[in-house]
Amino acid sequence: MEHFIWNIDPTLLHLGPLQLRWYGLLFVGSFLLGAMILKWIYKRENKDPIVVDNLLVYLMIGAVIGSRLVHCLFYEPDFYLSNPLEILYVWKGGLASHGGLLGVLISMYIFAKKYNQSYIWLVSRVSIPGALAATCIRLGNFFNSEILGKPSDAPWAIVFERIDLIPRHPAQLYEALSYLIIFFILLSLYRKITPTFATKLLLGVFLLLAFSSRFVIEYVKVRQAAYSTDLPFSTGQMLSIPYIVLGILWVIWALKTKK
C-alpha cells in the first residue's frame with residue numbers, strides 16, 4: 001500500500017540569516033485571527049474593542065512563557081535543569097500546549113485586573129478563538145514534521161520523509177481537526193445561548209472537549225517525554241487529566257447555576 005509522503009520544507013522563506021517558518025506564521029497568524037474574532041465579540045456585546053490589541057500581547061507572552069516552562073520541566077527536566085540557559089532558547093523548539101493554556105489563563109488574570117474587566121467573562125470569550133489558535137499551532141507542528149504519530153498501516157497514514165520512511169498516524173492533523181470542530185461548537189453555543197450563560201459555560205466546554213480529545217489522541221502518538229514511567233499514561237495524558245476534571249466540574253457548575 002502506498003502512503004502519502006510529506007516532505008515540505010518547514011521554512012517558508014529565507015531572508016538572509018533570518019527564516020520565516022510555517023510554524024511561526026501559523027502561530028502569529030492564529031493570534032491575529034483570534035484578535036479579529038475577539039473584536040467582533042466585544043462589539044457584539046457593546047464593549048470597547050480597543051483593548052483587544054493590548055490583550056493580544058498579554059496572550060502571546062503568556063502562551064510562550066507557559067508552554068516553554070512546562071515543556072522544559074515536564075518533558076525534558078534532566079536536560080533543562082542541567083542546562084537552565086537553554087530554557088531561554090525558544091527558537092530551538094519545545095512548547096507544551098498544557099503550559100501554554102496555563103500561561104494564557106494567568107496572563108488574562110493580570111490583564112483583567114489592570115483593565116478592570118471580568119476575568120470569567122474574558123476567559124469564556126477567549127476560549128472561542130483559543131480553539132482556533134490550537135488548530136493553527138497543530139498545523140504548524142505538521143509542517144515541522146514533529147509530534148509524530150505511531151506507525152500505522154491505515155490508508156490515511158503519512159510518511160514524514162524528513163524523519164523516516166515509516167507510515168504513521170498524522171496525530172497533528174487529528175488534533176487540528178478536533179480543535180477546529182471544538183471552535184465551531186463554542187461559536188455556535190455562544191451565538192445561541194444568553195451572554196450570561198455563555199460566561200459560565202464556554203470555558204468548561206472548551207477544557208472538557210479539548211483535553212479529552214488530547215487524551216484520546218495521545219494513544220496514537222509517539223511519547224514525547226525524554227523519560228519513561230511505570231504509569232499507563234503518557235506525560236501528555238497526565239497533564240490533561242486536571243484540565244478534564246476542571247472542565248467537568250465547570251460545566252456541572254454552569255448547568256446548576258444557569259437560572
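The values are calculated or read from the model by the stated rules, or taken from the named source; none is laboratory data. Note that the structure is a prediction, hence the values are computed from the model and not measured. Don't worry about glycine lacking a Cβ; one is built from the backbone with ideal geometry, like all the others, and counts go over all protein chains shown. Accessible surface is based on the protein model in full, side chains and every heavy atom, while ligands, DNA and RNA are left aside. Shrake-Rupley method; radii C 1.70, N 1.55, O 1.52, S 1.80 Å.
For N54 and I166, the FRET efficiency from 1/(1 + (r/R0)^6), where r spans their Cβ atoms and R0 equals 51 Å, is about 0.65. Placing +1 on each Lys and Arg Cβ and -1 on each Asp and Glu Cβ, with no other charges, gives the chain a dipole about its Cα centre of roughly 1380 debye.
Under 5 Å between amide hydrogens, built in the peptide plane, is the criterion, and for K221 it picks out K150 among residues at least 5 positions away or on other chains. With 0.36 nm allotted per residue and the present C-alpha distance subtracted, the L13-Q117 stretch has 33.4 nm of extension available.
Taking the alpha-carbon distance from K39 and a cut-off under 17 Å, which lysines remain once sequence neighbours fewer than 8 residues away in the same chain are dropped? Cα-Cα hits under 17 Å: K47.
Leaving ligands, DNA and RNA out of it, report the carbon-plus-sulfur percent of the accessible area of the chain at a 1.4 Å probe. That fraction is 69 percent.
Nearest 0.05, what FRET efficiency do T196 and F233 give at R0 = 51 Å with Cβ-Cβ as r? E between T196 and F233, to the nearest 0.05, is 0.85. Against the set (1) 60; (2) 46; (3) 55, the structure's computed percent of Cα pairs over 23 Å apart falls on (3). Count Lys and Arg as plus one, Asp and Glu as minus one, and take only other residues whose Cβ is under 14 Å from that of L177; the net charge is then +1.
Between the helical axis of 22-44 and the longest alpha-carbon principal axis of the chain there is an angle of about 10 degrees. Counting only protein heavy atoms and a 1.4 Å probe, the range 68-128 has 52 square angstrom of accessible area per residue. Site pair L85 and D153 shows an inter-label distance of 5.1 nm when each label is modelled 7 Å from Cα along Cα→Cβ. Under the criterion of Cα pairs below 8 Å and six or more residues apart, the relative contact order for the range 66-119 equals 45 percent. Listed by chain and number, the lysines placed with their C-alpha closer than 20 angstrom to that of K259 are K192, K200; residues fewer than eight positions away on the same chain are left out. Surface analysis of the range 151-237 yields an accessible area of 49 Å² per residue, using protein heavy atoms and a 1.4 Å probe. Across the range 164-173, computed HN-Hα scalar couplings (Karplus, 6.51 cos²θ - 1.76 cosθ + 1.60, θ = phi - 60°) run 6, 10, 9, x, 9, 4, x, 4, 5, 6 Hz from first to last residue, x flagging Gly and Pro. Which percent, to the nearest 5, of DSSP beta bridges fully inside the chain are antiparallel? Antiparallel bridges: around 75 percent, rounded to the nearest 5. Could you work out the relative contact order of the chain? I mean the mean sequence separation of Cα pairs under 8 Å and 6+ apart, divided by the number of residues, in percent. Computed value for the chain: 21 percent relative contact order.
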